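S.K.: Got a structure for you, questions after.
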Amino acid sequence: MISIQNEIPIIQFIVYFIAAAIPIYLLSIKRKYNNGNNRFLNLTIMLAAFIIMQGIYHLVSALGFSLIAKGVLEPLSFGILVLFGVLFLISKTRTKHEEEIKLT
């Protein structure tokens, strides 16, 4: 008999992989209409990587490998999220700097 504690991570795994479809779809659209601006592409790749890593984390946790999930995948997921934030800040400051240059 499967308990509710085992069902929740499996449901979370499914939801994360469904959610990963959105940035992956955006990546396919962006590659089709590439205008040379890779900032959006890089941010979307990092967002998709974070969502997929979270899904893998929940799957591994549901399978009972909590040591791998908590010891490896959770810090890796956090690192990807931090990298996403850094890339976002860099992108935002570059865009702001380019707008200031255009105005002068």
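The values are calculated or read from the model by the stated rules, or taken from the named source; none is laboratory data. None of these values were measured; they are calculated from a predicted model. Quick reminder, even Gly has a Cβ in these numbers, built from the backbone with ideal geometry, and neighbours come from all protein chains shown.
This table checks each residue for (1) at positive phi; (2) of a type in the set (Val, Ile, Thr); (3) within 12 Å of the chain's Cα centre (by Cα).
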residue	(1), (2), (3)
Ile18	no, yes, no
Thr44	no, yes, yes
Phe50	no, no, yes
His58	no, no, no
Pro75	no, no, no
Leu81	no, no, yes
Phe88	no, no, no
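S.K.: Picking from Ile22, Ile51, which residue would you name as being in contact with a helix residue (DSSP H, G or I) (Cβ under 8 Å, 6 or more places away or on another chain) and of a type outside the set (S, T, N, Q)?
M.R.: Working: Ile22 fails: in contact with a helix residue (DSSP H, G or I) (Cβ under 8 Å, 6 or more places away or on another chain).
Selected residue: Ile51, the only one of Ile22, Ile51 that is in contact with a helix residue (DSSP H, G or I) (Cβ under 8 Å, 6 or more places away or on another chain) and of a type outside the set (S, T, N, Q).
S.K.: Output the number of the condition that Gly64 fails; it satisfies all remaining conditions of (1) part of a helix (DSSP H, G or I); (2) out of contact with any helix residue (DSSP H, G or I) (no Cβ under 7 Å at 6 or more places or on another chain).
M.R.: (1)
S.K.: So Pro75 clears everything in (1) out of contact with any Lys or Arg (no Cβ under 7 Å at 6 or more places or on another chain); (2) surrounded by 12 or more Cβ atoms within 10 Å (Cβ to Cβ) except one condition, right? Which one?
M.R.: With (1) out of contact with any Lys or Arg (no Cβ under 7 Å at 6 or more places or on another chain); (2) surrounded by 12 or more Cβ atoms within 10 Å (Cβ to Cβ) applied to Pro75, the lone miss is (2).
S.K.: Please work out if Phe17 is part of a helix (DSSP H, G or I) and either modelled with pLDDT under 90 or acidic (Asp, Glu) (or both).
M.R.: On the way: part of a helix (DSSP H, G or I): yes; either modelled with pLDDT under 90 or acidic (Asp, Glu) (or both): no.
For Phe17, the condition - part of a helix (DSSP H, G or I) and either modelled with pLDDT under 90 or acidic (Asp, Glu) (or both) - is not met.
S.K.: Can you name the number of the only condition in (1) more than 30 Å from Ile4 (Cβ to Cβ); (2) surrounded by 14 or more Cβ atoms within 10 Å (Cβ to Cβ) that Gly85 fails?
M.R.: For Gly85, the failing item is (2).
S.K.: Now a separate question. Got at least one residue in the stretch 40-49 being closer than 20 Å to Pro9 by Cα and either at pLDDT 90 or above or part of a helix (DSSP H, G or I) (or both)? Even if it seems obvious, please write down each step before you answer.
M.R.: To start, the set of residues in the stretch 40-49 that are closer than 20 Å to Pro9 by Cα comprises 48-49.
Narrowing further to those that are either at pLDDT 90 or above or part of a helix (DSSP H, G or I) (or both): 48-49.
Yes: one or more hits.
S.K.: Is it fair to say Ala69 is crowded, with 19+ Cβ neighbours inside 10 Å and either polar (S, T, N, Q) or out of contact with any Gly (no Cβ under 9 Å at 6 or more places or on another chain) (or both)? Before the answer, list the steps.
M.R.: On the way: crowded, with 19+ Cβ neighbours inside 10 Å: yes; either polar (S, T, N, Q) or out of contact with any Gly (no Cβ under 9 Å at 6 or more places or on another chain) (or both): yes.
The answer is yes for Ala69.
S.K.: Here's something else I'd like to know. Only one residue in His97, His58 is more than 29 Å from Arg39 (Cβ to Cβ) and of a type outside the set (Gly, Ala, Ser), so which one is that? Quick ask: steps written out before the conclusion?
M.R.: Working: His97 fails: more than 29 Å from Arg39 (Cβ to Cβ).
Answer to the selection: His58.
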